[in-house]
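The values are calculated or read from the model by the stated rules, or taken from the named source; none is laboratory data. Everything quoted here is computed from the prediction, not taken from an experiment. Cβ coordinates were reconstructed from backbone atoms using ideal geometry, including for glycine residues, and neighbour counts include every protein chain displayed.
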Amino acid sequence: METIKACRICGGSSIRTFFDLGSQPLANSLLKSPDEEEKFYPLSLSWCEDCCLVQLNETVDPKELFSTYVWVTGTSKTANEFADKFYKEFVGRAGGSKEKYVLEIASNDGTFLKPFLRDGWKVLGVDPAKNIADTANKEGIPTECVFFGKEAAEELLEKRGPARLVFARNVLPHVANTHDFVDGLRVVLSDDGVLAVETHYAKTILEGLHYDSIYHEHLCYFTLKSLERLLRDHGLYVFDVTASPISGGSIIVYARKHEGREKPEIHKYRERESNQKTNNFASWKGFAAKSFAHREKLLEVLDKARSGGKRVIGWGASARSSTMLNFCGIDCNVLNEIVDLNPLKQGLFTAGTHIPIKGAEEVMEKTPNCVFILAWNFADEIIEALKNRFDYKGQCIIPLPVAPRVLQLG
């Protein structure tokens, strides 16, 4: 682990720490046994006075974080549905072209490349996790297992030529060598091509109090202002922006290698960030204070749900749940089990808090009194499954956004 001494984007030395979440395990370092030895790392956020980037102070070795991976995009109904919509929006911004080659960086299992493949595009995925890349290749999505950067981009360019469309979803905040990564994006993009970059949106995190999106994989928390600054420094110019439902609320920016006319939505986003003080230090200091207050309220709600020996289970052993569980001190003495639909996680235990992770049928056959929806960004999807698959009529706790709320089903 290394601690930064300067801003990850602009290199400025005026970075101010405002939120310390304590020492935490790596969010996706699930355990085979609760007795397994674990590593804990400091987890804290700073704000840059020069470019307003919110960022982690600590950087964990990327090979420890990403060489194997347990998140699989295809297990999310929301992601599958959004993949088709994203395809249409992206192609619609690309303009007419006979060249139909699309490259996705950090492509995971290839879920977002499938609509392109169905429409006759030549596709290629790049992902550093060998287990995930192997899965994608078996499912017919050509995928290379490599950590992406300028050198890897030059090799891809030599082998396959420039890509008309390049997209990088939910990866830029994870990258330790941010500038090398963005250099690589520019290298593989054709001169008249379009780049799409999706990141969780710091404005949404700030306003919705999404402190659970802070973990060691997420090094940067971008607003449009900080993201435009980064891309512009590498000769990539944002011309449009749209919202995404992923990660509880993300943005997708579309960029080219040349400056040109900007869509009206860009100006709306800039104006909202300015008017609502999204990039101000005082706003982020307030975020930290509200997060500590939220922790106290959430523990009160859970204590009430458990009163009289009632059985409370969790749903969704996501990376974001790891931050919430460890920050709030919610362990196996509070939650009996956690449901997760991803087979790669079932049979394991949560990092730091040692809660067993199991399949839905195994957990729900014991009829819990309350379901704590840890993956609250998929709450609608989970509640639908509880009602329709399990005829569940108990309580649900939805911890975020903003404040915990209790929902009675049935």
Item to check | Only one of Leu195, Leu206 that is crowded, with 19+ Cβ neighbours inside 10 Å and within 23 Å of Lys263 (Cα to Cα) | outcome: Leu195
Item to check | Residue ID - farthest from Trp47 (Cα to Cα), chosen from residues in the stretch 27-37 that are surrounded by 12 or more Cβ atoms within 10 Å (Cβ to Cβ) and out of contact with any strand residue (DSSP E or B) (no Cβ under 7 Å at 6 or more places or on another chain) | outcome: Glu36
Item to check | Where Gly140 falls short, out of the listed (1) of a type outside the set (Phe, Trp, Tyr); (2) part of a helix (DSSP H, G or I); (3) at pLDDT 85 or above | outcome: (2)
Checklist outcome for this item: By residue number, the members of the stretch 38-67 that are among the charged types (D, E, K, R) and either in a strand (DSSP E or B) or crowded, with 19+ Cβ neighbours inside 10 Å (or both) are Glu58
Item to check | Boolean, Val182 is crowded, with 23+ Cβ neighbours inside 10 Å, among the β-branched types (Val, Ile, Thr), touching a residue at least 12 places away in the same chain (Cβ under 8 Å) and part of a helix (DSSP H, G or I) | outcome: yes
Checklist entry - Within the stretch 240-264, which residues are at pLDDT 95 or above and within 23 Å of the chain's Cα centre (by Cα)? => result Asp240, Val241, Thr242, Ile251, Ile252, Val253, Tyr254, Ala255
Checklist entry - Within the stretch 220-235, how many residues turn out to be surrounded by fewer than 21 Cβ atoms within 10 Å (Cβ to Cβ) and not in a helix (DSSP H, G or I)? => result 3
Checklist entry - Could we say that Ala375 is touching a Lys or Arg at 6+ places or on another chain (Cβ under 7 Å), within 23 Å of Phe292 (Cα to Cα) and among the hydrophobic types (A, V, I, L, M, F, W, C) here? => result no
Next on the checklist: Any residue in the stretch 271-300 that is on the phi > 0 side of the Ramachandran plot and of a type in the set (Lys, Arg) sitting within a Cβ distance under 8 Å of a residue that is at pLDDT 95 or above and assigned to a helix (DSSP H, G or I)? List the pairs, counting only those 6 or more apart or interchain.
Outcome noted: Lys277/Ser283
Checklist outcome for this item: Of the candidates Lys290, Lys263, Lys257, the one satisfying the condition of being within 18 Å of Leu209 (Cβ to Cβ) and either outside the structural domain of Thr353 (by TED's automatic domain parsing) or in contact with a helix residue (DSSP H, G or I) (Cβ under 6 Å, 6 or more places away or on another chain) (or both) is Lys290
